[in-house]
Structure formats: structure tokens, C-alpha cells
Amino acid sequence: MENCIFCKIAEKKIPSTTVYEDDELLAFKDINPHAPVHLLVIPKKHYSTLQDAAAAPELLGKMLALAPRLAEEFGCSVSYDADGAPTRGYKALINSGPDGGQEVYHLHLHVVGGPQPWRGKR
Ligand code: 5GP
Ligand code: ZN
């Protein structure tokens, strides 16, 4: 789609730091990270919002399934301490529409991990 920044990233017309790529998906580092690990997973095909992609559940499943793989690779995967309590972890988040905080209208899954400033506060 014309004038879509993430389409341009998917087409390699705008540079990004790629961390994963296959026929359908691209994952890259967020330009303005909110945490030590902040990655974006996008479909190469343009969908504006999660709503628009609801008819493509396999693609959505593939995007979501990539999050734990990337978290593992970037060292923020959920693990368990000696008492069996979960430690570390990450957020896998899709903002949708203006009230959902979406700024770029090409579907993307945020994978945000590492020590979080809000941890323990909520
Ligand atoms: P949203 O608020 O739409 O869910 O998030 C959009 C995200 O895209 C933001 O975290 C922002 O930092 C990131 N972003 C916007 N433009 C670019 C860009 O050109 N390159 C990269 N790597 N990330 C971008
Ligand atoms: Zn696009």
C-alpha cells in the first residue's frame, strides 16, 4: 500500500533491523523502544488493523506464535525459579484504532520485554 511505512519496511525500501523473516512475516526492532527488548512483528501483506485481519486467523496465529520464539532469542522468555514461580517475561500486544493507541495503520504485534519500569506496581 502506498505511503504505508511498514509496507515500505517490508519491501526494504526503508531500512530496519530485521530479526526474523519468512514468506509472510517480518519482525524488526522498534525505532523508539519502550523497553530493553521491543520488537514488531508484521505481516508482509497490508492489513490496516487487527479488525481487518480477523478473516486471516492462520496469519494471526503465526504472528502470535512468533512472540515466544523471539522472546527466547532475545532473553526475555518466561522461565521459572527454584520454587517454580514464573520470572522474566514480555508483553505481546496489538494496538487497534485510535482508542487502542494505534499510530501506524499496518497491523503489527509488539513484543516488549526485559525489566519493566512498571513491574511490581500493578
Ligand atoms: P502503534 O502505536 O501503532 O501500536 O506502534 C507503532 C510503533 O511503530 C511505535 O512503537 C513506533 O516507535 C514504531 N515505528 C514507527 N515508525 C517506525 C519506523 O520507521 N521504523 C521502526 N523500526 N519502527 C517504527
Ligand atoms: Zn502497509
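Computed from the coordinates by the stated procedures, all read-outs in this text should not be read as laboratory data. Everything numeric here is computed off the predicted structure, so don't read it as measured data. Virtual Cβ from ideal backbone geometry, glycine too; neighbours counted across all protein chains shown.
Rounded to the nearest 10 degrees, the angle from helix 57-73 to the longest Cα principal axis of the chain is 50 degrees.
For region 28-34, 3J(HN,Hα) computed residue by residue from phi via the Karplus equation (6.51, -1.76, 1.60; θ = phi - 60°) reads 8, 6, 5, 6, 10, x, 8 Hz, glycine and proline entered as x.
Each peptide in 42-51, 26-35 was scored by the mean count of other Cβ atoms within 10 Å over its residues; highest first, the order is 42-51, 26-35.
Taking 0.36 nm per residue of separation and subtracting the Cα-Cα distance, full extension of the segment from V104 to T49 would add 18.9 nm. Note on A85/H34: beta-carbon distance plugged into 1/(1 + (r/R0)^6) with R0 of 30 Å gives a FRET efficiency of 0.75. Cysteines of the chain lacking any other cysteine Cβ under 4.7 Å from their own Cβ: C76.
Simple spin-label estimate for E58 and E11 gives 2.6 nm between the two label positions (7 Å along the Cα-to-Cβ direction from each Cα). Rounded to the nearest 500, the helix-only mean residue ellipticity at 222 nm of the chain stands at -6000 deg cm²/dmol, with each DSSP H run of n ≥ 4 adding -39,500 (n - 2.57). Per-residue Karplus couplings for region 18-24, computed as 6.51 cos²θ - 1.76 cosθ + 1.60 with θ equal to phi - 60°, are listed in order as 6, 10, 7, 8, 9, 4, 10 Hz, Gly and Pro entered as x.
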